[in-house]
Amino acid sequence: MDLKKEYVVTEISAAPDGSPFVFVTLKGPEEVGGPQRTSAPSLESFNSMDDVFKNLGGLISKQMMGGFATVMKLSLSEYEKLDIRVGDKISLDITKIQVGMP
């Protein structure tokens with residue numbers, strides 16, 4: 001089975017430990033395109049601890065919307081060969097490889 005997914009490069013960073021790797025952060029085009037969301041946090045007021053617990057799931061999901069990303073670890077030579085930059089649109093082909101099957 002094969003799967004092809006499109007992504008947009010949102011961040012490129014060096015390995016924090018100084019090793020010769022680059023981390024490339026990818027998000028789906030629907031997460032980076034379209035109307036821009038405001039980054040200003042919204043304030044919620046609660047009258048009791050019961051209100052806090054009732055609304056906790058909603059608060060967490062609001063914070064996490066659009067917060068998930070795919071991160072790839074590339075060697076420096078792979079990164080230079082690909083010549084990708086922030087904002088580039090890329091696609092990944094995912095193929096399951098059968099190992100140990102006759």
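The values are calculated or read from the model by the stated rules, or taken from the named source; none is laboratory data. Keep in mind the model is a prediction, meaning the values are calculated, not measured. FYI the Cβ positions are ideal-geometry reconstructions off the backbone, even for glycines, and counts take in every protein chain you see.
For the residues Lys89, Lys54, Lys27, Lys62, the requirement of being modelled with pLDDT of 95 or more and either surrounded by 10 or more Cβ atoms within 10 Å (Cβ to Cβ) or aliphatic (A, V, I, L, M) (or both) singles out Lys89. Residues in segment 1-24 that are in a strand (DSSP E or B) and without any contact (Cβ under 8 Å) to a residue 40 or more places away in the chain: Ser13, Ala14. Quick one: in segment 79-102, which of the residues that are among the acidic types (Asp, Glu) and touching a residue at least 40 places away in the same chain (Cβ under 8 Å) is nearest to Glu30 (Cα to Cα)? Restricting to residues being among the acidic types (Asp, Glu) and touching a residue at least 40 places away in the same chain (Cβ under 8 Å), the top hit is Asp88.
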